[in-house]
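Let me begin by presenting the structure, written as structure tokens, before commenting on it.
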Amino acid sequence: MPLQGEGQEPPPPSPDQPPAPGVDAEAIVQEVQAFYAEYRQAWDARNTPAIANHLAGDFVAYQYSPQGVVQIDKVTSVAGVQRFFDTLGSRETMWVRSVLAVVPRSSTEAVAAVRNDFSLRQGGGEVELTLEVLRKGSDGRWRLVRKWSERSLF
């Protein structure tokens, strides 16, 4: 049996401190904000291939609902997005998206808290709060790796 603290990962750095020596936390936050600006444009354009390109190959999402937790991989997630767009058809949608916080963990990984408010012009909608992990690939692009989601209909 390991001693206390032995064999365990150290706690993440405080959000007020850079994640590691030599890592420019502000630059990482700016890169992640730019990622979300592009990602939002893909959603606004209802461009499923562009949305898929913002997800890592090993992407996994966990959605919480009254029925329990559902785990969704990239292929299933992208197919669900396309079904959503097909169901919407030409109906006008309204989105309010807010990146609430970005916490760099290293030069290639960050955690973001995001709020998405979605509604239809005809009424109805939902609020989604997510915690998302992003990774910077060898190509220099950020992609979503993991997402935990809680939705509330209104």
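The values are calculated or read from the model by the stated rules, or taken from the named source; none is laboratory data. Just so you know, these numbers come straight off a predicted model, no measurement behind them. With ideal geometry, Cβ positions are generated from the backbone for all residues, glycine too; neighbour counts draw on all protein chains shown.
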**Item:** strands (runs of 3 or more DSSP E) fully within segment 57-154 counting 1 or more residues that are closer than 24 Å to Glu31 by Cα
**Value:** 93-106, 109-120, 125-136, 142-153
**Request:** Filter segment 60-85 down to residues that are among the aromatic types (Phe, Trp, Tyr) and at pLDDT 95 or above, then give me how many there are.
**Result:** 1
**Complete:** Note: among Glu132, Glu128, Glu109, just one is modelled with pLDDT under 95, under 13 Å from the mean Cα position of the chain (by Cα) and surrounded by 13 or more Cβ atoms within 10 Å (Cβ to Cβ), namely Glu128
**Residues of segment 84-100 satisfying the condition of being hydroxyl-bearing (Ser, Thr, Tyr) and either in contact with a Gly (Cβ under 9 Å, 6 or more places away or on another chain) or within 21 Å of Phe35 (Cβ to Cβ) (or both)** = Thr93, Ser98
**Prompt:** What is the one condition in (1) exposed (fewer than 14 other Cβ atoms within 10 Å of the Cβ); (2) out of contact with any Ser or Thr (no Cβ under 9 Å at 6 or more places or on another chain); (3) modelled with pLDDT of 90 or more that Ser152 does not satisfy?
**Reply:** (3)
**Request:** Of all residues in segment 49-77, count the ones that are touching a strand residue (DSSP E or B) at 6+ places or on another chain (Cβ under 7 Å), without any contact (Cβ under 8 Å) to a residue 40 or more places away in the chain and surrounded by 13 or more Cβ atoms within 10 Å (Cβ to Cβ).
**Result:** 4
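Looking at the structure I just gave you, is Leu120 modelled with pLDDT under 95 and among the hydrophobic types (A, V, I, L, M, F, W, C)?
Yes; evaluated as a whole, the condition is true for this residue.
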